[in-house]
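The values are calculated or read from the model by the stated rules, or taken from the named source; none is laboratory data. This one's a predicted model, so the numbers in the text were calculated from it and none came from an experiment. As a convention, Cβ positions derive from the backbone with ideal geometry for all residues, glycine included, and neighbour counts pool all protein chains shown.
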Amino acid sequence: MTDWTELWMLMMIGAAGLGVLSGFAGWGSRKWLRMRDKQRVRRTERVRFASDVNIRLLGYEVRRNHFNVLVYGAAWLFLLLWHPGDLTVLVGTFLYLGYLVRHVYSIQEERFIQTMLLTERGLHVMPAQGMNPAWKREKPQFLAWRDVDGYRIDGSYLLFYRDEQVLLQVEFGLHDYEQVRQVLCELGVARLELTDRIWVAQLDEPVFYRMEDHVCELGWDVLELFREELERLNVRPEFGVMRNVQGDRLLEEHSRSWLQLNLLDLETEQRVIHSSFPLWHCYGNVGYLNGLVEQEMVDHLQRWIKGTLQEGEREREREGVVS
Amino acid sequence: MNAFLTGVLFAGALWGLLYGTNILWRLLLERRHRNRHEVVAEYRVWQGQTEESWSKGLSIWPLGAVIGLILGDGAFAWGIFAGTVLVLAGFWPFYKKSKTVCSETVMFDRDGIAFFPPRQGFVHQGIFKARIDWQDVYGYSAHKGSILFALRPLGHVEQHYGPYRREFSDVLNRLDVQKLVAFDVVDEAEARAEDLQLLERDVFAVAEDVVSGYKTEAAGAGVRLEPKVLYGQEAEEGELVGGHAYLHIGVWDGETCLRELEWMIWERSDGDVEVLSLPRERLYEILDERLEAVLEERLGQLGVEAQPAVLQ
């Protein structure tokens with residue numbers, strides 16, 4: 001009799017242990033698998049930027065409950081007391097403990113973590129796994145830069161396009177906004193739009209004001225390059241940041257901020273030509289923010305100012321001031 | 001007979017645990033929420049019944065069959081069978097039409113908003129409750145059947161408003177949640193003529209109020225302010241494609257109109273209607289701001305005209 005009891009205890013412990021192990025294999029291993037994928041990329045390619053992003057929507061709080069575990073636990077206890085058959089109890093024990101481990105992992109943040117790697121060759125994404133077990137997990141994705149026309153930014157998503165079609169979208173961390181654009185610029189991935197579409201609350205106002213000042217300074221530096229042109233056209237530039245609202249109302253619907261370049265005739269002070277370069281346009285809940293980074297910005301400013309000067313020249317020719 | 005009855009009771013209890021508890025738990029949750037928060041408004045948004053209903057209720061049968069097989073007791077299995085039939089006939093139709101299964105409860109309170117989504121069963125049916133605190137909300141807007149809560153720093157949550165667009169907006173305005181987009185986009189069916197007329201009257205009343213506040217200043221500037229609601233129609237190849245109503249404030253000097261201030265109230269286009277929807281005090285503020293600017297401009301012009309005369 002004791003033999004049987006001992007054997008039964010052993011079998012129960014075995015079933016329970018197997019259940020826990022399966023749970024670990026299915027859900028506990030996913031973090032490790034993500035790490036392994038990351039390491040594999042790091043070994044073979046030069047990584048320029050890497051980040052783990054929690055893609056859970058902040059502020060939207062979902063109250064989790066544990067009813068599944070409780071109800072199944074009750075059923076399991078019932079099974080133990082009732083003991084309809086040895087095999088049934090063993091299978092029940094195995095299933096319940098596996099489920100319990102799965103539940104433990106379902107509460108952890110790991111299921112929301114997504115990894116993004118920008119390498120010299122392309123983009124690697126290890127998607128967040130949600131509640132998928134290891135054998136049904138979403139595979140790492142790869143997108144080579146040469147297959148991509150360019151990218152856009154929408155909220156905290158990077159959208160990579162090919163022939164106007166989104167190939168892949170990936171979320172980046174808000175604090176990486178600057179760096180991601182910088183790295184993509186250095187890697188030669190084109191921006192498809194001058195502006196990024198962002199949520200209005202995403203706009204960091206102090207950072208934006210610094211950006212305005214900085215861009216304005218850059219603009220003056222670029223204008224310095226066109227000094228001869230300006231003298232030849234007999235004009236003086238009027239250049240600066242303009243807004244259609246006061247500064248503290250930048251987040252209101254229809255508020256805008258832009259760079260304004262006016263060319264004024266030296267003698268008459270008449271405006272020969274004017275042109276603007278958008279920095280920010282708010283549509284209430286979303287806004288369009290100029291997202292050019294350093295070198296791109298200088299290039300764009302140069303192109304814009306050059307274009308404006310050419311237009312000014314045409315205008316002057318029409319007036320007959322410059323032959 | 002005893003085993004048969006046990007089977008019936010067992011089926012009933014199982015159904016109660018898997019489905020019936022759902023209603024009770026939802027009631028309990030809602031009551032607890034009302035006790036813990038200062039709920040200022042509460043709405044039930046009907047989401048409709050889901051289709052897969054009957055098969056779910058039948059899922060007790062195979063379970064009963066398995067248990068019957070394990071026990072080797074036919075009467076028990078038959079009892080479960082009979083119990084399931086009873087439950088399906090007696091409870092299921094009412095259960096499928098219950099508020100818990102078909103509607104979502106939305107509760108606004110001082111600190112946030114709580115959603116109790118419709119639930120089909122007690123286990124494996126998603127969430128019981130979700131919540132957003134106002135401190136995480138940047139503002140809201142309405143678009144085609146949903147209120148969009150813009151979150152801070154990013155993202156948004158869509159919430160169906162059912163027939164309660166105005167009610168939701170009123171409550172949110174009262175709770176000082178910022179309205180981000182002045183115009184709501186709604187379906188043609190939702191923009192009833194009487195609602196639009198009511199809105200026109202509202203806006204006109206505000207305009208009259210603001211204008212009367214500027215009476216003396218306007219007289220000082222030698223002008224008269226006249227608010228009107230005007231209508232426009234847009235036709236394409238003789239067919240009516242849209243229309244709009246706008247508030248028009250004319251700045252009159254005798255018989256000549258010096259300036260016109262226009263503000264859209266609603267506009268129909270391509271089956272959608274854009275409806276002005278701002279809290280009253282925002283309407284006041286904006287109109288006030290615009291009128292002040294116009295009058296200042298007028299006074300400035302008068303000053304320019306007057307200046308040479310003084311210098312001579």
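So, in the range A:64-87, how many residues would count as being among the charged types (D, E, K, R) and either surrounded by 13 or more Cβ atoms within 10 Å (Cβ to Cβ) or within 25 Å of residue A:8 (Cα to Cα) (or both)?
Keep residues of the range A:64-87 that are among the charged types (D, E, K, R), which gives A:64, A:86.
Next, only the ones that are either surrounded by 13 or more Cβ atoms within 10 Å (Cβ to Cβ) or within 25 Å of residue A:8 (Cα to Cα) (or both) stay: A:86.
Within the range A:64-87, residues that are among the charged types (D, E, K, R) and either surrounded by 13 or more Cβ atoms within 10 Å (Cβ to Cβ) or within 25 Å of residue A:8 (Cα to Cα) (or both) number 1.
Of everything in the range A:165-185, what is without any contact (Cβ under 8 Å) to a residue 12 or more places away in the chain and over 22 Å from residue A:58 (Cβ atoms)? Give them in sequence order.
Once the filter is applied, which keeps residues that are without any contact (Cβ under 8 Å) to a residue 12 or more places away in the chain and over 22 Å from residue A:58 (Cβ atoms), the range A:165-185 yields A:165, A:166.
Has the range B:195-208 got at least one residue that is surrounded by 13 or more Cβ atoms within 10 Å (Cβ to Cβ) and in a strand (DSSP E or B)?
Checking the range B:195-208: not a single residue is surrounded by 13 or more Cβ atoms within 10 Å (Cβ to Cβ) and in a strand (DSSP E or B).
Please specify each residue of the range A:51-74 satisfying the condition of being of a type in the set (D, E, K, R) and more than 7 Å from every other protein chain (Cβ to nearest Cβ).
A:52, A:56, A:64
Step by step: first the residues of the range A:287-318, then only those that are touching a residue at least 40 places away in the same chain (Cβ under 8 Å) and among the charged types (D, E, K, R), then the one that is surrounded by the fewest Cβ atoms within 10 Å (Cβ to Cβ). Which residue is that?
Here the answer is A:294.
Quick check on my filter: what residues within the range B:173-188 are more than 14 Å from every other protein chain (Cβ to nearest Cβ) and crowded, with 17+ Cβ neighbours inside 10 Å?
B:173, B:175, B:186
Please give the number of the condition residue B:169 fails out of (1) at the interface with another protein chain (Cβ under 10 Å from one of its Cβ atoms); (2) among the small types (Gly, Ala, Ser); (3) closer than 30 Å to residue B:26 by Cβ.
Result: residue B:169 fails condition (1) only.
Do we find that residue B:186 is in a strand (DSSP E or B) and at pLDDT 90 or above in this structure?
yes
Does the range A:13-34 include one or more residues that are away from chain B (no Cβ under 12 Å), farther than 24 Å from residue A:131 by Cα and assigned to a helix (DSSP H, G or I)?
Among the residues of the range A:13-34, at least one is away from chain B (no Cβ under 12 Å), farther than 24 Å from residue A:131 by Cα and assigned to a helix (DSSP H, G or I), which makes the answer yes.
With the checklist (1) at pLDDT 90 or above; (2) not in a helix (DSSP H, G or I); (3) not hydroxyl-bearing (Ser, Thr, Tyr) in hand, flag the one item residue A:62 doesn't pass.
For residue A:62, the exception is condition (1).
Taking strands (runs of 3 or more DSSP E) that fall entirely within the range B:90-158, which contain at least 3 residues that are under 19 Å from residue A:60 (Cα atoms), more than 11 Å from every other protein chain (Cβ to nearest Cβ) and not hydroxyl-bearing (Ser, Thr, Tyr)?
B:103-109
Between residues in the range B:12-28 that are within 11 Å of chain A (Cβ to nearest Cβ) and residues that are in a helix (DSSP H, G or I) and of a type in the set (S, T, N, Q), which pairs lie under 8 Å by C-beta distance while being six or more apart or on different chains?
From the range B:12-28, the pairs are B:22/B:100.
Looking at (1) modelled with pLDDT of 85 or more; (2) farther than 30 Å from residue B:161 by Cα; (3) of a type in the set (Val, Ile, Thr), can you tell me which one residue B:67 breaks?
(1)
Could you please let me know if residue A:77 is within 14 Å of another protein chain (Cβ to nearest Cβ) and assigned to a helix (DSSP H, G or I)? Can you show your working first?
On the way: within 14 Å of another protein chain (Cβ to nearest Cβ): yes; assigned to a helix (DSSP H, G or I): yes.
Against the criterion (within 14 Å of another protein chain (Cβ to nearest Cβ) and assigned to a helix (DSSP H, G or I)), residue A:77 qualifies.
Do we find a residue being over 26 Å from the mean Cα position of the chain (by Cα), surrounded by 14 or more Cβ atoms within 10 Å (Cβ to Cβ) and without any contact (Cβ under 8 Å) to a residue 40 or more places away in the chain anywhere in the range A:10-21?
Kept after step one, since they are over 26 Å from the mean Cα position of the chain (by Cα), are these residues of the range A:10-21: A:10-21.
Next, only the ones that are surrounded by 14 or more Cβ atoms within 10 Å (Cβ to Cβ) stay: A:11-12, A:15-16, A:18-21.
With without any contact (Cβ under 8 Å) to a residue 40 or more places away in the chain added as a condition, the list becomes A:21.
Checked the range A:10-21: at least one residue is over 26 Å from the mean Cα position of the chain (by Cα), surrounded by 14 or more Cβ atoms within 10 Å (Cβ to Cβ) and without any contact (Cβ under 8 Å) to a residue 40 or more places away in the chain.
Does residue A:284 meet the test of being small (Gly, Ala, Ser), crowded, with 16+ Cβ neighbours inside 10 Å and in contact (Cβ under 8 Å) with a residue 12 or more places away in the chain?
yes
If you check residue A:120 against the conditions, is it in contact with a strand residue (DSSP E or B) (Cβ under 6 Å, 6 or more places away or on another chain) and either in contact (Cβ under 8 Å) with a residue 60 or more places away in the chain or of a type outside the set (D, E, K, R) (or both)? Write out each step before concluding.
Details: in contact with a strand residue (DSSP E or B) (Cβ under 6 Å, 6 or more places away or on another chain): no; either in contact (Cβ under 8 Å) with a residue 60 or more places away in the chain or of a type outside the set (D, E, K, R) (or both): yes.
So residue A:120 fails the test.
Considering only the range B:227-236, state which residues are surrounded by 15 or more Cβ atoms within 10 Å (Cβ to Cβ) and either modelled with pLDDT under 85 or among the acidic types (Asp, Glu) (or both).
none
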